[in-house]
Amino acid sequence: MSKAKKKAKQKEEWTPELLVFCCNWCSYAGADLAGVSRFQYPPNMRIIRVMCSGRVDPTFVLKALKDGADGVLITGCHIGDCHYISGNEYTRDRFKKLHEIIIKQLGIDGKRVRLEWVSASEGKRFADLITEFTNQIKELGPLKVF
Amino acid sequence: MEGSVVVIGGGIAGIQTSLDLTELGFKVYLVERNPSIGGRMAQLDKTFPTNDCSLCILAPKMVEVFRNPNIELMTYHEVKKVEGKPGDFTVTVLKKPRYIDETKCKGCGDCAAKCPKIEVPNVFDMNLGKRKSIYIPFPQAVPPIYVIDPEICLKLTKGVCGVCEKVCQAEAIDYEQKPQEIKLTVGAIVAATGFDMPAEELTSRWGYQYENVVSALEYERILCASGPFDGRVLRPSDQEEPEKIAFIQCAGSRDLHENIPYCSSVCCMYTAKEAIITKEHSENSNCYVFRHDIRAYGKNFYEFTQRAQKDYGVQYFQTKVSTVVEDHETKDLMIHYEDLKTGKFNDFHANLVVLATPLVPSKGTEELAQVLGVEVDKYHFFKEKSFFNKCLSSKDGMFLCGFCQGPKDIPETVADASGVASQVANLLNSVKYTEIKEKVFEVPEMEVKITDEPRIGVLVCHCGINIGKYVDVSGVVEYVEKLPYVVHCEANLYSCSPDSQARIKEVIQEKNLNRFIVASCTPRTHEALFQETCQEAGLNKYLFEMVNIRDQCSWVHMGDNEGATAKAKDLIRMAVAKARLLKPLTEASLDITPTALIIGGGVTGMTAALNIANQGFKAYKVEKEDKLGGNLNNLNVLYPIQEDAAILLNVIQDKVKKHKNIEIFLKSQIKDVKGFIGNYNVSIAMNKKSQGLKIGTIIVATGAQELKPNGDFQYNKKNKNIITQLELEQKLKEKDKSWLDNIKRVTTILCVDARQKEGITYCSNVCCGVSIKNVSILKELRPDLEIVVLYRDIQMAKKEFEEYYRERRKDAIFLRYDLDQIPTISKKGGKSEKYDIKVFDTNLQDEIEFETDLIILSTPMIPADNLDELAKMLKVPLDKNGFFLEAHVKLRPLDFATDGIFLAGCAQWPKNIQDSISQANGAAGRASRFLSAKTIKTSGLIAEVNPERCIGCGKCESVCPYNAIEIKEASMEFEDVSLVLKKSFINSALCKGCGTCAATCPNGAISVKHYDFDQIFAMIETYLLD
């Protein structure tokens, strides 16, 4: 995080900065449904849309943490629902390894990086998930590792 | 002849038919009487047996229909009159007034939010939810256009109110709209009008009149996360979580008193699904299924019902339910039933009851039949022309698709849809592509080099007040204007309106922009529109980026304008950072060899070949035996039409042999397959010779075979009178029936080695039907013959079969046995073939022992031999039972994940001839889409390999679900030397751009265009660091 920004942040009340990866077919659609249904959640996260959760390279997550994200959430179709047949299964397997590295090698609390499945009809779940994740990160406080 | 088609009904049947028709070169008018397409499938929570989210898989298809330039979507329209003949029909369609100008409505919902009229039950939620008098049926409705209910609207009924007109900033409200008649001239008509579930028509003994007794479709809405209770399992009377939920099967189906003699075919499966989802949603609930037979005959179906019991603790009772009565105080229900395993009458106390009520043709089917001039059958479904082609109506040029012809599940409907499309193509072959329009862009695409300085334009949408009320749009514009490389930024009221498209084009050209961003709603519905606008202005469509500041800002942070505005700024800044790095992408065009290879010469393969050949394409047929016909050669009489199998075989075989476009290779096998869609090189081995063929697409129709139960049930060489059902079939085919002379009693045993706990766990669908057919044939030959049938459940789903079974039940004694106590056979002493059978009859709860002279074993169908080799050559997967595995069990039953290869018939799963023929026509349709188009366009959004970084490890190849990656040797130049190294190559024709390879690559050598590392890193960086 840039020094100027950090300074500015220290002055005001701290709010977490969260990054969420959504797959185009299920979880992004779930986020859309949260919108259409007007389910409210905290505004501390930004979504990056990818076609499949299988696209989320571990370096995306590491880069976000390095640049100052307080939490990263990867979302995709439920297992079995993947638009690309099995992309999310690879996400799941890859995430397991990544999560271990984050906890064991980087010493970051595992709750800060999560993988969740959200379907296109789970607008409520998407909103609840973001609320819960935001609260969790708020409890953990700002990430200070790098 | 007209090159266009009217499709009536916008459910999954109509949607799939329309999409396939356009790909075969026809214009489609999709007429739907409701305000949105989606049909019943849109109402489902999940789909069996994978528990896929129904809307997740359907919505992309709905949007595809909406965006397709060759589908004219006519929702809220009804067909009123049809004249003419095949090839030239005039169809009069009534456009019902929405009281909304469709060209102006943006679907924002401001009107409904302000509409004061008391809410009425929402039909989409099966009347469990509420809606206003101005409404959209469900949030994902297509088209996303509102409609006013004239029955309750205060303005239309009493002339007061008019609030919606005042709040609609798009000025879309039009109270003066009148019904309008439209005349269409088309070549063919497809009816795909689906089903209804009118639980209210049941007799009162089922208890539907009580609040806490719901139909399965109502329960589907209760379970749905976007349903009336947000997916919480609550009972309607008090919105409390029920503890004991009872599912009653056959609540009216297979019931002459309810006037529904047929089996609705899907209830056993959706009940298992609903019970499983219930357990997932509500841990404390307990589910009880009051079943009749379990009819779970599709792929992985029976196992699914077993999993519901084993893994989810759903309890199944084999019962006959007599009444459901309410306790007036608690609103709980008492189910009075007979336990068929004990013969006792019991009462069961439940908090909620879900009825699997009969599925009947949708309301208005008979009126439509009159308009079309087609016949309906005795069950009021549309009547098919012949049993073996259920997609033809009684009138030429009019086709039937899906549930309107008879009960069927979604994959069967989708197969039907592709089959209908191909048969329309057969009829209208000479006018393919006469009414299809290809979008032509008049402004030539401007060249944008990577070195050119980015000139970004941004449009920020107010969306009426939907964004503007919560996001400070002018503040956002001011902020965005100052971002690097942003040359122009402006706000507008509705970005999606036609005048905005004109404005986008104008700005791109005036300001010489080479990137464009729209910050408005969701790219899932609107990206294609803006991309097209950019293309019209000469900008490559991949230089467009979209930001969703409505669904992700204004609508979800309504109480926090500051937060919503800050978020909108960040999201746009992230898009600008990405847009800077966007590259123009090309969509390559690949030629398709106009030939098809059909592997397998049975009824499925022959039907597919004929269909393709009739469309003017060359079809090569490869059959390993020395004659065509496959299993049909072994059959005697076909049920339920009781016609000699040879008649069907000869008719179809004759056509195939005489067709000039079909070349047949007998005693031949596939030796090698190289290439990909449109460009396969196939080598065929026959009699020591081999021949190479250039092939465009491949259909796998390798069939299945009967299992020989070696050793089980005393099936061995010593016991001459213990034979399989197929062996009986062959005996019955023989002219000489003297083998029957000394036989007094025949016993048929069903589910031999099928539906087991281990080994073959599935139901193979056709054995019950074949057995019952042979019972009646034996009885006709020898009326004095005694016949006993030992069964577990009788699988006679579909409209014809229940009655077929009922009529023949008198021909035999039916004894029910359980898997835990299978019948035993012992041979009697002496020379003659006589056996003793012991069986524990679960209905009588008693052991029965009797003598029999002939035992027929009904064994399941198993895959053909040596499919492994073929699967490897084609690079397509087999499922755990050894059948071929389709791309998606629900919506792509005939495709493989690999484009260009299709499957049909028993190669996919055991099925009867009717379904095999439907799939054959379907697979032919899927395949001929590519042949008709002559070329295919690849997407720009695909993966690319940086050979410098690729280490040839092959991980990408192993994870690609589409076989789009191949590790090949490539010569790499290093200063002085040149080395041959293994490198990854991506086939742009097969890549779908998911990016799994990119994330798997250990060396960062693969990137996905439009979502590459630099672009995503830039977004992350600007969000967190700027």
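The values are calculated or read from the model by the stated rules, or taken from the named source; none is laboratory data. Quantities reported herein were computed from a predicted structural model and do not represent experimental measurements. Virtual Cβ from ideal backbone geometry, glycine too; neighbours counted across all protein chains shown.
Structural remarks
- Test: residue in segment B:956-967 that is surrounded by fewer than 20 Cβ atoms within 10 Å (Cβ to Cβ), touching a strand residue (DSSP E or B) at 6+ places or on another chain (Cβ under 6 Å) and not β-branched (Val, Ile, Thr): yes
- Taken over segment A:79-128, the criterion of being of a type outside the set (S, T, N, Q) and within 20 Å of residue A:35 (Cα to Cα) is satisfied by A:116, A:117, A:118, A:120, A:122, A:123, A:124, A:125, A:126, A:127, A:128.
- Test result for residue B:508, surrounded by 24 or more Cβ atoms within 10 Å (Cβ to Cβ), in contact (Cβ under 8 Å) with a residue 40 or more places away in the chain and farther than 24 Å from residue A:47 by Cβ: yes
- Considering segment B:242-265, and only residues there that are closer than 15 Å to residue B:289 by Cβ and hydrophobic (A, V, I, L, M, F, W, C), the residue that is surrounded by the most Cβ atoms within 10 Å (Cβ to Cβ) turns out to be B:251.
- Among the candidates B:71, B:57, B:37, B:15, the residue that is hydrophobic (A, V, I, L, M, F, W, C), under 24 Å from residue B:405 (Cβ atoms) and within 14 Å of chain A (Cβ to nearest Cβ) is uniquely B:57.
- Restricted to segment B:795-847, and to residues there that are in contact with a Leu (Cβ under 7 Å, 6 or more places away or on another chain) and among the aliphatic types (A, V, I, L, M), the residue that is nearest to residue B:774 (Cα to Cα) is B:815.
- Residues in segment B:995-1005 that are within 9 Å of chain A (Cβ to nearest Cβ) and at negative phi: B:996, B:997, B:998, B:999, B:1000, B:1001.
- Among the residues of segment A:54-110, those identified as among the hydroxyl-bearing types (Ser, Thr, Tyr) and within 8 Å of another protein chain (Cβ to nearest Cβ) are A:59, A:84, A:86, A:90, A:91.
- Looking across segment B:108-130 at every residue that is buried (at least 21 other Cβ atoms within 10 Å of the Cβ) and within 24 Å of residue B:78 (Cβ to Cβ), the one that is farthest from the other protein chains (Cβ to nearest Cβ) is identified as B:126.
- Checklist (1) within 11 Å of another protein chain (Cβ to nearest Cβ); (2) modelled with pLDDT under 95; (3) within 32 Å of the chain's Cα centre (by Cα) applied to residue B:552, failing item: (2)
For every residue, the table says whether it meets (1) closer than 30 Å to residue B:666 by Cα; (2) crowded, with 20+ Cβ neighbours inside 10 Å.
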| position | (1), (2) |
| --- | --- |
| B:543 | no, yes |
| B:553 | no, yes |
| B:558 | no, no |
| B:561 | no, no |
| B:566 | no, yes |
| B:572 | no, yes |
| B:615 | yes, yes |
| B:622 | yes, yes |
| B:628 | yes, yes |
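- Within segment B:1006-1026, being more than 9 Å from chain A (Cβ to nearest Cβ) and outside any loop (DSSP other than H, G, I, E, B) holds for B:1006, B:1007, B:1014, B:1015, B:1018, B:1022.
- Within segment B:183-214, the set of residues being closer than 29 Å to residue B:371 by Cβ, in contact with a Leu (Cβ under 8 Å, 6 or more places away or on another chain) and not in a loop (DSSP other than H, G, I, E, B) comprises B:188, B:189, B:190, B:191, B:195, B:196, B:199.
For every residue, the table says whether it meets (1) within 18 Å of residue B:194 (Cβ to Cβ); (2) surrounded by 21 or more Cβ atoms within 10 Å (Cβ to Cβ); (3) more than 16 Å from the chain's Cα centre (by Cα).
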| position | (1), (2), (3) |
| --- | --- |
| B:11 | yes, yes, no |
| B:37 | yes, yes, no |
| B:54 | yes, yes, no |
| B:58 | yes, yes, no |
| B:61 | yes, no, no |
| B:65 | yes, yes, no |
| B:79 | yes, yes, yes |
| B:95 | no, no, yes |
| B:99 | no, yes, yes |
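- Residues that are crowded, with 24+ Cβ neighbours inside 10 Å and part of a helix (DSSP H, G or I) were ranked within segment A:1-34; the one that is modelled with the lowest pLDDT is A:33.
- The set of residues in segment B:133-148 being more than 14 Å from chain A (Cβ to nearest Cβ) and surrounded by fewer than 24 Cβ atoms within 10 Å (Cβ to Cβ) consists of B:143, B:145, B:147.
- Any hit, segment B:505-521, residues being within 21 Å of residue B:577 (Cα to Cα), away from chain A (no Cβ under 14 Å), within 40 Å of the chain's Cα centre (by Cα) and part of a helix (DSSP H, G or I): no
- The condition (being part of a helix (DSSP H, G or I), more than 30 Å from residue B:898 (Cβ to Cβ) and in contact with an Asp or Glu (Cβ under 7 Å, 6 or more places away or on another chain)) is satisfied by just one residue among A:124, A:111: A:124.
- First in segment A:40-53 and more than 7 Å from chain B (Cβ to nearest Cβ), second anywhere and small (Gly, Ala, Ser), Cβ under 7 Å, 6 or more apart: A:53/A:76; A:53/A:87
- Every pair of residues 6+ apart whose Cβ atoms lie under 6 Å, when the first sits in segment B:438-467 and is in the same structural domain as residue B:541 (by TED's automatic domain parsing) while the second is at pLDDT below 90 and aliphatic (A, V, I, L, M): B:462/B:493
- Restricting attention to segment B:793-849, the residues that are touching a Pro at 6+ places or on another chain (Cβ under 9 Å) and touching a residue at least 60 places away in the same chain (Cβ under 8 Å) add up to 10.
- Any hit, segment B:481-496, residues being within 17 Å of residue B:532 (Cα to Cα), among the small types (Gly, Ala, Ser), modelled with pLDDT under 90 and surrounded by fewer than 19 Cβ atoms within 10 Å (Cβ to Cβ): no
- Strands (runs of 3 or more DSSP E) wholly inside segment B:680-733 that include at least 2 residues being modelled with pLDDT of 95 or more and closer than 30 Å to residue B:665 by Cα: B:689-695, B:697-700, B:704-706
- In the set (1) under 33 Å from the mean Cα position of the chain (by Cα); (2) in a loop (DSSP other than H, G, I, E, B), residue B:178 fails one condition alone, (1).
- Test set (1) of a type outside the set (Ser, Thr, Tyr); (2) within 14 Å of chain A (Cβ to nearest Cβ); (3) at positive phi; (4) in contact with a strand residue (DSSP E or B) (Cβ under 8 Å, 6 or more places away or on another chain) - residue B:944 fails condition number: (3)
- The lone criterion from (1) outside the structural domain of residue B:499 (by TED's automatic domain parsing); (2) modelled with pLDDT under 95 left unmet by residue B:559 is number (1).
- Residues of segment B:290-329 satisfying the condition of being polar (S, T, N, Q) and in contact (Cβ under 8 Å) with a residue 12 or more places away in the chain: B:300, B:305, B:306, B:315, B:318, B:319, B:322, B:323
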